[in-house]
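See structure below.
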Amino acid sequence: MRYEELRTPSYIVIEKKLKENLELLYDVQRRSGAKILLAQKAFSMFRVYPLIAEYLTGTTASGIYEARLAHEEMGGSENHVFEPAYKDDEMEEILGICDHVYFNSLSQLEHHRSVWEKYAVEGNVSVGLRVNPEYSTQEGHEIYDPCSPKSRLGVRSSSLGDKLPSGIEGLHMHTLCEQGFEPLRDTFKVFEEKFGKFLYELKWINLGGGHHITKDDYDREGLIELIKYIRSKYEVEVYLEPGEAIALDAGILITEVMDIVDTPDMPTLILDASAACHMPDVLEMPYTPPLLDASDDGVKVRLASRTCLAGDVIGEYTLPSVPSIGDILTFGDMAIYSMVKNNTFNGMPLPDIVLLKEDGEYELVKRFGYTDFKERLS
Ligand SMILES: Cc1ncc(COP(=O)(O)O)c(C=O)c1O
């Protein structure tokens, strides 16, 4: 397909940029000896899993369906899973398709012990425990802070005695969100004080996600040195499980201006893309996504959606001039936490999923329709 043939709204994932990110991550793996996993919650476009599998060690899942997706589409790469609680009737299936299973609490670990121990004894599964270093490095986003005082995520050091329960082979922590190397360095110091004594007996540690490794200003050399230090001091494998970093800036969302409403302070453009349906993080985080058509000078416009939700507003932007009905606008950084979170609220169609291949060809990967809406209802 050519660009002119695309429909709006469409998520377009840019293979070239994805590859650039993967090359940076591969370089970190190669030079540090770490193993990097794709956190599928951020980006589950399985059309590109074979490409991702060429660079990364595997995936991590936050639920049984993500675990199944990786099992089916990642071609035998490592398949890790962490859920705060596992359903009894899902445990066998998870253990059958995942090689690393992490528990969030001592009670969940013991509750499922009779099932996971069979797989662990045969060497098919390595079992880990998520811990909580209780060291917050972010402010103002309690919803994204697993170390906030009320967090239910990870066992606190005060709940662990001098020895880990039998069968545990690794520790997991996830504490960061869109952060540089320095918060990881500081968190690891605290982790070491609280949990370092256990590491000598273990096979692996997973430092979670939230590392913006593929950002230009990320201190990758610092990260590599820290990983090398952990590997040599404790003789453990080191895993990282970023989501965002894999597809950071590797996607756009194109949308058409459908109408222009004369609101008192500035014109409001009605788009066929919706914050609530197609980029829910805009309302949940909240944040204003980059608009590639924006400029420093010009006219201010409000970009909003054609849903009936009054607050379905994407943001206020400065454009060189007020666009015309029928014009196409382009939002940036739309590969991550977008198509994994979208929905058909208000009966809105889902955007197409398109891959812009390195040779300039646009591949229509998926077009959704009315049945995708209806099948989730009854
Ligand atoms: C346990 C866990 N691992 C990895 C990630 C991926 O984080 P990010 O996409 O910010 O790198 C998350 C995100 O919430 C997470 O909860």
(request) Test each condition in (1) within 13 Å of the ligand (Cβ to nearest atom); (2) within 13 Å of F103 (Cβ to Cβ) for Q179 and report the one that comes out false. (result) (2)
(request) Please tell me if K150 is basic (K, R) and more than 26 Å from H211 (Cα to Cα). (result) no
(message) Can you confirm whether Y86 is in contact with a strand residue (DSSP E or B) (Cβ under 9 Å, 6 or more places away or on another chain), assigned to a strand (DSSP E or B), touching a residue at least 24 places away in the same chain (Cβ under 8 Å) and within 16 Å of the ligand (Cβ to nearest atom)?
(response) no
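So which residues in the range 58-77 are touching an Asp or Glu at 6+ places or on another chain (Cβ under 7 Å) and within 14 Å of the ligand (Cβ to nearest atom)?
Our first condition is that a residue be touching an Asp or Glu at 6+ places or on another chain (Cβ under 7 Å); within the range 58-77, this holds for 58, 60, 62-64.
Of everything in the range 58-77, those that are touching an Asp or Glu at 6+ places or on another chain (Cβ under 7 Å) and within 14 Å of the ligand (Cβ to nearest atom) turn out to be G58, T60, S62, G63.
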(request) Scan S157, S148 and give me the residue that is assigned by TED's automatic domain parsing to the domain that holds S77, more than 12 Å from the ligand (Cβ to nearest atom), at pLDDT below 95 and touching a helix residue (DSSP H, G or I) at 6+ places or on another chain (Cβ under 6 Å). (result) S148
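Conditions (1) under 18 Å from S44 (Cβ atoms); (2) not polar (S, T, N, Q), marked per residue:
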residue: S324; (1), (2): no, no
residue: F331; (1), (2): no, yes
residue: Y337; (1), (2): yes, yes
residue: N343; (1), (2): yes, no
residue: M348; (1), (2): no, yes
residue: P351; (1), (2): yes, yes
residue: L355; (1), (2): yes, yes
residue: D359; (1), (2): no, yes
residue: Y362; (1), (2): no, yes
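Here is a list: F368, F345. Which entry is in contact with a Ser or Thr (Cβ under 7 Å, 6 or more places away or on another chain) and away from the ligand (no atom under 16 Å from the Cβ)?
Numbers: F368 fails: in contact with a Ser or Thr (Cβ under 7 Å, 6 or more places away or on another chain).
Exactly one of F368, F345 is in contact with a Ser or Thr (Cβ under 7 Å, 6 or more places away or on another chain) and away from the ligand (no atom under 16 Å from the Cβ), namely F345.
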(request) Scan M279, M258 and give me the residue that is touching a residue at least 40 places away in the same chain (Cβ under 8 Å) and within 16 Å of the ligand (Cβ to nearest atom). (result) M279
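For P351, are the conditions met, namely being within 23 Å of the chain's Cα centre (by Cα) and crowded, with 17+ Cβ neighbours inside 10 Å? Break it down into steps so the answer makes sense when it comes.
On the way: within 23 Å of the chain's Cα centre (by Cα): yes; crowded, with 17+ Cβ neighbours inside 10 Å: yes.
Spelling it out, P351 is indeed within 23 Å of the chain's Cα centre (by Cα) and crowded, with 17+ Cβ neighbours inside 10 Å.
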(message) Quick check on G208: is it in contact with a His (Cβ under 6 Å, 6 or more places away or on another chain) and small (G, A, S)?
(response) yes
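Tell me, which strands (runs of 3 or more DSSP E) wholly within the range 195-311 include 1 or more residues that are aromatic (F, W, Y)? Can you show your working first?
Working: elements: 204-206, 237-240, 251-262, 267-271, 299-305.
In the range 195-311, 204-206, 237-240 are the strands (runs of 3 or more DSSP E) which contain 1 or more residues that are aromatic (F, W, Y).
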(request) Could you please find all residues in the range 205-228 being among the hydroxyl-bearing types (S, T, Y) and surrounded by fewer than 23 Cβ atoms within 10 Å (Cβ to Cβ)? (result) Y218
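Mind counting the residues in the range 285-328 that are of a type in the set (D, E, K, R) and in contact (Cβ under 8 Å) with a residue 60 or more places away in the chain?
Qualifying residue count, the range 285-328: 1.
The values are calculated or read from the model by the stated rules, or taken from the named source; none is laboratory data. Note that the coordinates shown come from a computational prediction; the quantities given were computed from them, not determined experimentally. Note that each Cβ is placed from the backbone with ideal geometry, even for glycine, and that neighbours are counted across all protein chains shown.
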